[in-house]
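Data block below; observations after.
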Amino acid sequence: QQADTARQASAAAPAASKKEWFEAVSIRGYMQVRYNRLLETNAQLKCEQCDRSWGANGGFSFRRIRLIVFGQLHPRVYFYLQPDFASTPSGSSTGQFAQVRDAYFDLGLNATSTWRVRLGQSKVPYGFENMQSSQQRLPLDRNDALNSAVANERDLGAFVYWAPAAIRKRLAMLVSEGLKGSGDYGVLGFGVFNGQAANRSELNNGQHVVARLSYPLQVGRQIIEPGLQAYTGQYTLGAEQLSARVKARPDLTYPDQRAAATFVLYPQPFGILAEYNLGRGPEFNASTDSIETRRLHGGYATLSYRARVGQQQFYPFVRGQYYQGGKKHERDARSYSVRELEVGTEWQPLKFFELVAMYTWSARRFEDFQTQGNRQRGSLLRLQAQLNF
Amino acid sequence: QQADTARQASAAAPAASKKEWFEAVSIRGYMQVRYNRLLETNAQLKCEQCDRSWGANGGFSFRRIRLIVFGQLHPRVYFYLQPDFASTPSGSSTGQFAQVRDAYFDLGLNATSTWRVRLGQSKVPYGFENMQSSQQRLPLDRNDALNSAVANERDLGAFVYWAPAAIRKRLAMLVSEGLKGSGDYGVLGFGVFNGQAANRSELNNGQHVVARLSYPLQVGRQIIEPGLQAYTGQYTLGAEQLSARVKARPDLTYPDQRAAATFVLYPQPFGILAEYNLGRGPEFNASTDSIETRRLHGGYATLSYRARVGQQQFYPFVRGQYYQGGKKHERDARSYSVRELEVGTEWQPLKFFELVAMYTWSARRFEDFQTQGNRQRGSLLRLQAQLNF
Amino acid sequence: QQADTARQASAAAPAASKKEWFEAVSIRGYMQVRYNRLLETNAQLKCEQCDRSWGANGGFSFRRIRLIVFGQLHPRVYFYLQPDFASTPSGSSTGQFAQVRDAYFDLGLNATSTWRVRLGQSKVPYGFENMQSSQQRLPLDRNDALNSAVANERDLGAFVYWAPAAIRKRLAMLVSEGLKGSGDYGVLGFGVFNGQAANRSELNNGQHVVARLSYPLQVGRQIIEPGLQAYTGQYTLGAEQLSARVKARPDLTYPDQRAAATFVLYPQPFGILAEYNLGRGPEFNASTDSIETRRLHGGYATLSYRARVGQQQFYPFVRGQYYQGGKKHERDARSYSVRELEVGTEWQPLKFFELVAMYTWSARRFEDFQTQGNRQRGSLLRLQAQLNF
């Protein structure tokens, strides 16, 4: 029976290369279920950017429910569409709606695609831990210092990446072999993007610009990857993120500039991941009740070990982090001082299932117009079960 | 051409068992289109929990648009992700967004998975009709008495199920053979969950607890399934569900406890499904303008017949139901008295398509702070076309 | 290992025809990334219905991110589910949520399905350019004159289509062969639908009715398709789309009636597409501050040329359009006068990727209660990269 709409007919076109649709397009995903209330010492200790289910009235929660549709359609054309099903539209009291994380396509600029341009919403090449998938990362949440640069790690724009073919293979191997790589964002990356972060409309007439240089070096049996990255742009606060009487610039627009250094030693079996960044951006100042342009700085170091016991894998780790500065995506560009130490283990009994248990000691000051003087200290046990399909 | 991101590379890992992705992961779904305005005698007769397109200004509507991604990844690992595409974020005037119904994975606790734990958002094992898929159920909507226990039937938590292998096969057969089974929620089920129902964040520090015992017994050529279930917990009303001047407890938190009995005779060819529950929970009291903890009780009985005419199937049915109590998920924990009789038929000319026509006589009192004294009586013809893929 | 829920078991049923799920169900899609700020002469020139990223504070944007799940399940049963991942719930400050565009199924009324009924949300058969997929259309946005009839081109209801088998093949070929067809909406179409447009609930007790007649005629080596269509109904403005002090009818309900004529010459290699419509509906009147029933009229003509250079295709085009009337879906049924000329080219180097560059000269009056006297003129370069999978 002849299929019967334009859309069906046009479906025939992409399939004309004799490939079946399920050979050209693949689907995979993962989900993370968490519980953060065991051994909790302070129910007021919270972290909006990390995980909204910390502390008082938290319970079981989904941190991520991801479904990924992707495919190498042609030697020079690749696409990647990843909605998250654990997202809530602002203003809604019910959640778990599907919202885009990635939606991009890569076009090879030369026959071997060592140069390629990526169009759409994708990760901004700023920070190794930002680019590393949450499916791969050991600590449950990204560090405050670099993740505060780009909420949800992504933005909408055009990015150019370059890497030699051999390095592209190595970058892929660093993920596929369980070495917790970042994925392939090239040796050299350069991009132009809106700058308001994922799924938010542009609010000013200027674009952000980012550049990154990073190289995975073989040193004996080890692989290290030093990297540098920086971005600059103008960030405009959304009217809906301001407290009623906070003072701010009339156009709500502030400089937003950062630079970061990265060092990675991949875990064979002992691993190090360390990053530090500094810059400036909007930050709430409690002494003036206003949002001002202020300096920010901070970083973290994660030590890890990879142990294989038969088919099972264990990755014990410890991370210390520090951050001093504003978070432009939060209410009134909330001001933070963060010191945190985490000790935990990821256990993979099967490639389909992982369990992370992690103990966190944290001291956090987080102040906006409505929470001036808010300093919280405490510790908690955090648990995550992850399903990979 | 080497695929080029971390996520692609990690995709390779789950596929390493030599299975293609489309062998490990399957997709199916269904959609329901309704029209409820024929032979309508009272346009003010409505039922928020049943179907929002009853009565005045109703028209064609989708009740459900489901897409299910699922797979048995390993003898001990199964996952199930089911968004509904007929959902509206609270506060939005446009609808048909994708929102999670189920998102869970099962881990076999022993080699044969007769014991398994289910993590994520899934159906709470409370009530046979609640667990039975809407794709299977004969009456268009679930009964008020037991469905008011858990809006959307689901919650986020951890559940343990046990059933012998032979019974698991029987439970699967009761669905696959057209006998309108509930699916496999074990013989014994036990769970801990947030208690605010699907897609709503926890609002208090206590978890709900549920237990269920149910056994499908072969009696001659018939199968019957008696069952018992109960849950207890604290339910916290959301601030957005309260009328401006209604009185309520300061912490908006109320006991939420129910117990129910179930009896099923599977339709070979004559079927019975009867359930009754009682308990207590929040309910609006018009005489005090306040939300109080009050008793609730009610149940239903459905009689059905299964007729096969060639490839076609017919399921004529009649259901009577009764409910007296509050609905904690609705405005001001709206107070209800419901008596309803329904007569209808499901017709399946093909496995891909079903049509239900059903005539409903209903008497409903539904009162919140804004609708005190609201009693409606009437009847209407209800039509549903369902596509299964 | 036996799969373990009702839903799994019932999945077995549709698969029982020996077909694997991926043979019965297919997935495809496309995405469009835009940038509209180059050579812009007037940042206040905007077009809500066309593309919200025109003008001041626009940046990179997604116009569409589509994923389509569809299948011919049986000679007489076809389904089509198409969410868009670039949608924003009203009131949310974050976007790119998944919202349904199409969700329908076709049931063949005779063995050859030359007569079929389509149930669910689908395109209203009113206007060739409205029915033509955005994946196929040359100008980046649809014309104001006919597209203002049905926002998002779709509504929820029941439609009957008739076409002889040979014409159904021709309609499919007009898409698959790159001739920019509309898809198969039959030679004769008739429908009943809510009338509030896609993803909006019915707001009154009357249904809209539409009829269409269109025939693709072979004339020598050319194919032409003349067509006629008309609809009538009552449209009710949503309370949320009214300015605070605008005057309107007490029930917010207005007649909504249009008729249109279409002429198509498919591009072998020179193409013409011309449509004109007139009718009446709600429109804001600045001289009375009120929303009144007023006449509307307008149309457009697109001239195109199809050039093949090896595997590559080029479609240069020019479109002129005119519209005078209200837009019922916008604030206060905003009043418009539109004159616009567009010149551009679509370039398809591969079937997976298309680039459109288009220069637009526009003069637009768009007035609601808050923007009285708003007339904007200007020109801009518009760019779109499209990925097809």
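The values are calculated or read from the model by the stated rules, or taken from the named source; none is laboratory data. Bear in mind the structure is a predicted one, so any value in this text is a computation, not a measurement. Neighbour counts are summed over all protein chains in view; Cβ atoms, including those assigned to glycine, are modelled from backbone coordinates with ideal geometry. All accessible areas refer to the heavy atoms of the entire protein, side chains included, with ligands and DNA or RNA removed. Shrake-Rupley method; radii C 1.70, N 1.55, O 1.52, S 1.80 Å.
Quote the total accessible area buried by chains C and A together, excluding ligands, DNA and RNA, probe 1.4 Å, nearest 100 Å². If you can, show how the numbers build up before the last one.
Working: alone 17960 and 17940 Å², together 31110 Å².
The buried area between C and A, both sides summed, comes to about 4800 Å².
Please give the per residue accessible area of segment A:82-133, computed with a probe of 1.4 Å over protein heavy atoms only, in Å².
Result: 19 Å² per residue.
List the residues of segment B:331-380 that lose 20 Å² or more of accessible area once all protein chains are present, compared with their chain alone (1.4 Å probe, heavy atoms only, no ligands or nucleic acids).
B:Leu350, B:Lys351, B:Phe352, B:Phe353
May I ask you to work out the translational diffusion coefficient for the protein assembly as shown at 37 °C, viscosity 0.692 mPa s, via Stokes-Einstein with Rh from the Kirkwood sum over Cα pairs, reported in whole µm²/s? Could the numbers behind the result be given before it?
On the way: Rh = 31.2 Å.
This corresponds to a translational diffusion coefficient of 105 µm²/s.
Restricting attention to the alpha-carbon atoms of segment A:139-178, what are Rg (one decimal) and Dmax (integer), both in Å?
Expressed in Å, the Cα Rg and Dmax of segment A:139-178 come to 14.1, 33.
So, with a 1.4 angstrom probe, what is the percent of accessible area on chain A that is carbon and sulfur?
Roughly 57 percent, rounded to a whole number.
Using 0.36 nm times the number of residues separating A:Lys169 and A:Arg308, minus their current alpha carbon distance, what extension gain do you get?
Additional length available on full extension: 47.7 nm.
May I have the extent of the alpha carbons of segment B:26-388 along their three principal axes, as whole Å values ordered from largest to smallest?
55, 48, 39
Averaged across C:135-145, how many Cβ atoms of other chains sit within 10 Å of each residue's Cβ atom? Kindly include the intermediate steps, with their values, before the conclusion.
Working: counts 5, 4, 0, 0, 0, 0, 0, 0, 0, 0, 0.
Mean inter-chain Cβ contacts per residue within 10 Å come to 1.
Would you kindly compute the Cα radius of gyration of segment B:283-358 and its largest Cα-Cα separation (Dmax), both in Å?
18.6, 59
List, shortest first and in nm to one decimal, how far the label point of C:Arg52 (7 Å from Cα along Cα→Cβ) is from its counterparts in the other copies.
2.0, 2.0
Roughly how many whole Å is it from the C-alpha centroid of segment C:337-389 to that of segment C:192-254?
24
Just list whichever of B:Lys247/B:Lys327; B:Lys18/C:Lys351; A:Lys169/B:Lys18; A:Lys123/A:Lys328; B:Lys180/C:Lys18 have alpha carbons separated by over 27 Å in the model shown.
B:Lys18/C:Lys351
Sorted from shortest, what are the nm distances separating the label point of B:Ala301 from equivalent points in the other copies, each placed 7 Å from Cα along Cα to C-beta?
Here B:Ala301 shows inter-copy label distances of 7.5, 7.5 nm.
Which distances in nm, rounded to one decimal and ordered from shortest, link the label point of B:Thr345 to the equivalent label points in the other identical copies, with labels set 7 Å from Cα toward Cβ?
Ordered by increasing distance: 6.4, 6.4 nm.
Work out which trypsin sites (Lys or Arg not before Pro) in chain A are exposed loop sites (DSSP not H, G, I, E or B, at most 14 other Cβ within 10 Å) and give the longest gap free of them.
Formally, the longest exposed-site-free interval is A:20-220.
In the full protein assembly as shown, how much of B:Phe70 is accessible to a 1.4 Å probe, in Å² to the nearest 10?
20
Using +1 on the beta carbon of Lys and Arg, -1 on that of Asp and Glu, and nothing else charged, what's the dipole of the protein assembly as shown about the Cα centre, debye to 20?
Values: 141 positive and 99 negative charges, 205 e Å.
For this selection, approximately 980 debye.
Per the Cauchy relation, a quarter of the hull surface: what is the mean projected area of the convex hull of the alpha carbons in segment C:189-310, in nm²?
Across all orientations, segment C:189-310 yields a mean hull projection of 10.9 nm².
Given a cut-off of under 8 Å on Cα pairs at least six residues apart, what relative contact order in percent is computed for chain C? Mind showing how you got there, number by number?
Values: 1023 pairs, mean separation 51.7, N = 389.
Answer for chain C is 13 percent.
Counting only heavy atoms of protein chains, what accessible area per residue, in Å², does segment B:237-383 have with a probe of 1.4 Å? Present the calculation step by step, with values, prior to reporting the outcome.
Details: 6250 Å² over 147 residues.
About 42 Å² of surface per residue is accessible.
If r is the Cβ-Cβ distance from C:Ser243 to B:Thr371 and R0 is 30 Å, what FRET efficiency results, to the nearest 0.05? Write down the numbers at each step before the final one.
Values: r = 29 Å, r/R0 = 0.98.
With a Förster radius of 30 Å, E is 0.55.
Working from Cα positions, state the angle (0 to 90°, nearest 10) between the long axis of helix B:165-176 and the longest principal axis of chain B.
Tilt relative to chain B: about 60 degrees.
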